[in-house]
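The values are calculated or read from the model by the stated rules, or taken from the named source; none is laboratory data. Source: prediction; values computed, not measured. Because the Cβ atoms are built from the backbone with ideal geometry, glycine has one as well, and the counts that use them run over all protein chains shown. The accessibility values were calculated without ligands, DNA or RNA, using every heavy atom of the protein model including side chains. Shrake-Rupley method; radii C 1.70, N 1.55, O 1.52, S 1.80 Å.
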Amino acid sequence: MKQTEGQEEKTMPKKTLKNISEIRRYFHTNEDPIYFVSATNFNLLGIDEWVKNFKYICYMDCFDGRHPNVLVPSEMPHDEFQSIEDINNYLLQHKEVVDFVKARGGKPKFVFLMFNEKTEALVKELGGEIWFPKASLRERCDNKIETVRIGDKAGVPSVPNTLSEVKSYAHLQEICDKAGLGHDLVLQSAFGDSGHTTFFIKSEADFGKHGHEIVGEGEIKIMKRIDCRGSAIEACTTSEGTIVGPLMTELVGFKELTPYRGGWCGNEIFSTAFQPKVREQARELTFKFGEQLRKGGYRGYFELDFLIDKKTGELWLGELNPRITGASSMTNHAAFAHADAPLFLFHLLEFSKKPFRFDVEELNARWSDPDMIDSWTQMVIKHTDDSVDIITEAPQSGIYKMHPDGTVAFDRFDYHRRAVETEDEAFFLRILKDGDYRYEGADLGILVMRGRSMTKSFQLTDRAKAWIDGIKNSFSARPLSAARAFEEPAFKIM
């Protein structure tokens with residue numbers, strides 16, 4: 001019996017993508033709309049130029065309406081946001097967003113920095129599909145306690161630790177004596193930003209400051225404190241294996257950038273970050289961790305923090321982020337990404353159901369070549385003063401130039417970091433705008449520049465400090481009336 005045209009299409013086998021060129025072409029001709037919904041488009045900045053029909057739906061207008069692929073709907077009344085998931089759920093229910101998605105048609109796909117079960121239901125109402133593992137699986141993997149257990153299964157060691165509930169300082173001492181960890185400790189609760197849920201405990205007085213955030217919070221990760229460097233590495237686990245990006249340095253706790261001790265405030269990517277042995281070990285351990293995640297049903301993009309002991313050079317697993325992160329804009333803009341494809345494209349490919357086959361081992365080897373990695377820095381600039389005011393003038397996003405006297409000035413508008421031509425220029429993505437509250441810990445914006453921001457001893461360079469001062473001085477604000485109360489939001493947006 002002769003098949004109809006529709007029947008033929010259903011039974012025809014899909015062509016398998018076999019190389020990077022075919023993968024790139026596949027996304028350049030993509031027809032179904034793909035949306036990144038988040039507070040800003042920072043995490044996946046530039047992906048729209050690799051993927052046809054890729055759009056950003058954002059709460060904050062970082063580009064003042066000048067980015068061609070960003071939709072920022074008008075402000076509507078809403079409950080106070082308690083999380084980035086709340087922001088995303090607000091956006092998905094906004095009439096302007098619903099109308100925009102429906103008008104563009106197709107079979108919409110959605111990606112997020114953060115989402116929950118409510119987000120999944122809202123996407124389903126829009127007739128869409130989320131291209132990430134389910135929220136329940138992401139939440140389970142995101143648990144810092146579970147990260148230790150996944151690492152143990154994969155043969156990826158964590159800093160000497162024990163996992164236990166903590167009832168008091170005396171109880172903590174008993175736990176550590178039994179585990180042989182000593183009493184100079186780092187404690188982490190199961191969830192949360194490292195700048196807010198990491199506690200350095202060396203005495204009963206230290207415990208007294210944070211006890212209310214430790215006692216009654218369930219299992220706590222209790223680690224021996226080591227003198228270490230922070231590092232980050234992103235990867236994507238696929239049906240063909242785990243693809244691993246380069247090891248990046250982390251900027252952590254610099255008082256010029258963040259008020260939070262231990263808080264992440266940026267990254268550097270450059271070919272000689274850390275010793276070759278450390279870089280190779282980090283890549284091997286990340287591959288093993290990704291393969292273990294795959295066994296547990298997780299697939300797609302993830303990031304690992306590694307702690308490198310300054311004295312011994314030992315490499316320890318610090319944290320898992322089962323998602324894109326603040327470092328993703330670095331990974332997806334590196335030279336190897338432009339030579340082949342951004343790491344996030346492999347995430348999209350994994351969820352596209354498009355058959356593909358390529359040599360992951362060969363790709364990982366190529367991406368480990370120092371010639372494939374150029375030198376960039378990003379610094380997340382927060383308001384570090386213990387004050388609250390209202391911004392009256394905020395610098396626009398774009399390219400800034402540093403003059404010979406160290407002053408910084410806006411040069412031209414652009415939304416590409418590649419428009420930065422020399423180390424005297426930088427790309428600034430503004431977060432806070434005119435009329436926003438500026439409080440201790442508020443994100444002012446992200447500065448991206450060529451070259452390093454830290455010395456070989458991992459201190460901020462004079463150039464980096466000048467850039468930070470220059471951007472901060474570009475903001476003007478008026479004091480908040482003493483009669484007005486203000487409470488800092490309890491979540492980060494990137």
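Worth pointing out:
- Note on the stretch 325-382 and the stretch 402-461: Cα centroid distance 23 Å, given to the nearest whole angstrom.
- Protection proxy ranking, highest mean first, for peptides 468-475, 411-418: 468-475, 411-418, where packing is the per-residue count of other beta-carbon atoms within 10 Å, averaged.
- Rounded to the nearest 10 square angstrom, Lys107 shows an accessible area of 140 square angstrom against a 1.4 Å probe.
- Sequence of Glu146, Glu129 when ordered by accessible area, the most exposed leading, probe 1.4 angstrom: Glu129, Glu146
- Surface per residue (accessible, 1.4 Å probe) for the stretch 222-326, Å²: 34 Å²
- Taking 37 °C and 0.692 mPa s as conditions, the stretch 348-400 diffuses translationally at an estimated 192 µm²/s according to Stokes-Einstein applied to its Kirkwood radius (Cα pairs).
- Counted over all Cα-Cα pairs of the stretch 394-451, pairs farther apart than 17 Å make up 39 percent.
- Helical contribution to [θ] at 222 nm, DSSP H n ≥ 4, -39,500 (n - 2.57), averaged over the chain, rounded to 500: -8500 deg cm²/dmol
- Once you reduce the stretch 15-39 and the stretch 123-183 to the center of their Cα atoms, the two points are 33 Å from each other.
- Remark: the stretch 143-253 carries a charge dipole of roughly 180 debye about the Cα centre, counting +1 on each Lys and Arg Cβ and -1 on each Asp and Glu Cβ.
- Ranking Tyr35, Leu172, Leu363 by Cα position along the charge dipole of the chain, where only Lys, Arg, Asp and Glu carry charges on their C-beta atoms, puts Leu363 farthest toward the positive end.
- Note that the stretch 154-168 has calculated 3J(HN,Hα) couplings of 7, x, 10, x, 9, 3, x, 8, 9, 10, 6, 5, 10, 9, 5 Hz, one per residue in order, obtained from phi through the Karplus relation 6.51 cos²θ - 1.76 cosθ + 1.60 (θ = phi - 60°); glycine and proline are x.
- Shown for the stretch 290-424 is the translational diffusion coefficient from the Stokes-Einstein equation, using the Kirkwood radius over Cα pairs, a temperature of 25 °C and a viscosity of 0.890 mPa s: 129 µm²/s.
- Kirkwood Rh, angstrom, the stretch 56-204 [1 / mean 1/r, Cα pairs]: 18.9 Å
- Listed by chain and number, the lysines whose alpha-carbon sits under 17 Å from that of Lys295, ignoring those within fewer than 8 places in the same chain, are Lys134, Lys153.
- As a fraction of the 1.4 Å probe accessible area of the chain, surface on carbon and sulfur atoms comes out at 49 percent.
- For volume of the Cα convex hull per residue in Å³, calculated from these coordinates, the label among (i) 166; (ii) 156; (iii) 305: (i)
- Inter-site label distance for Lys107 and Asp374 at 7 Å from Cα along Cβ, in nm: 3.7 nm
- All lysines inside 27 Å of Lys472 as judged from Cα atoms, apart from same-chain residues fewer than 8 positions distant: Lys255, Lys382, Lys401, Lys433, Lys456, Lys492
- Percent RCO, i.e. relative contact order, over the chain, from Cα pairs under 8 Å lying at least 6 residues apart: 15 percent
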